[in-house]
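The values are calculated or read from the model by the stated rules, or taken from the named source; none is laboratory data. Owing to the predicted nature of the structure, the values given are computational and were not obtained by experimental measurement. Don't worry about glycine lacking a Cβ; one is built from the backbone with ideal geometry, like all the others, and counts go over all protein chains shown. Only protein heavy atoms, including side chains, enter the accessible area calculation; ligands, DNA and RNA are left aside. Shrake-Rupley method; radii C 1.70, N 1.55, O 1.52, S 1.80 Å.
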Amino acid sequence: PQTTPQQQGQQTATQQTLNASETEESGRGLEFFYLNGGASASYVGMDTFSNSQLGVNSTKHLGPAFDLGAGLRLLIITIGPRVRFSPLSAFNLWQIDGEVALHVPIAALDIWVGAHGGYALAGSLNAPSDTSVHGFDVGADFGIDYYLTKNFSIGGDVSGGFFFLKRPSISGQSGVYALDGSSVGLGVLGGVRAGFHL
């Protein structure tokens, strides 16, 4: 049956009300860009799985970690770079990674799982001479964000990953330090974060 102009107007008004209610309930709109950062407690074991002539006295540490990331959001997919810094007692660990995540929005909540990977560098190690260990890291992430408004969120995340590291030989040294060393380690962390969304 044909609808009258009055009925069409009522249907349009009803649809607009439903759309507005959905937006108000979720507390957010369509998102294209994100910027977030956080603070975490972290554990790093540089030689958890293997140690081939690494020659570093202190390889396992607990400490803080700080990170900052930004990127693009395509509906339920986010992708972008993230930098993480862990100032530990025996060494400072830097991670310069790329990350991708899949998001499940439920009202104002955003539940996500993701993966990361990139460059890892640990400097100022406890060795006979100042040296650095570097390589790459890969891992997985899980988190939950709550949108206070459509532009701001708070949440928490946990992350775990593997480090594949190498120590270059040290000039003028003998024994193990005259050769290259390597290790496969583990890192885990959990913390809080805040985000800005456009």
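Laid out as a table, the results:
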read-out: Qualifying position, being among the aromatic types (Phe, Trp, Tyr), more than 17 Å from the chain's Cα centre (by Cα), open to solvent by less than 20 Å² (accessible area, probe 1.4 Å) and closer than 27 Å to Arg167 by Cα, among Phe49, Phe91; value: Phe91
read-out: Residues of the stretch 145-194 satisfying the condition of being farther than 26 Å from Tyr34 by Cα and among the small types (Gly, Ala, Ser); value: Ser169, Ser171, Gly172, Ser174, Gly175, Ala178, Gly181, Ser182, Ser183, Gly185
read-out: Strands (runs of 3 or more DSSP E) completely within the stretch 118-197 that count 1 or more residues being open to solvent by less than 70 Å² (accessible area, probe 1.4 Å), among the polar types (S, T, N, Q) and out of contact with any helix residue (DSSP H, G or I) (no Cβ under 7 Å at 6 or more places or on another chain); value: 152-167, 181-197
read-out: Count - residues of the stretch 149-185 that are of a type in the set (A, V, I, L, M) and modelled with pLDDT of 95 or more; value: 2
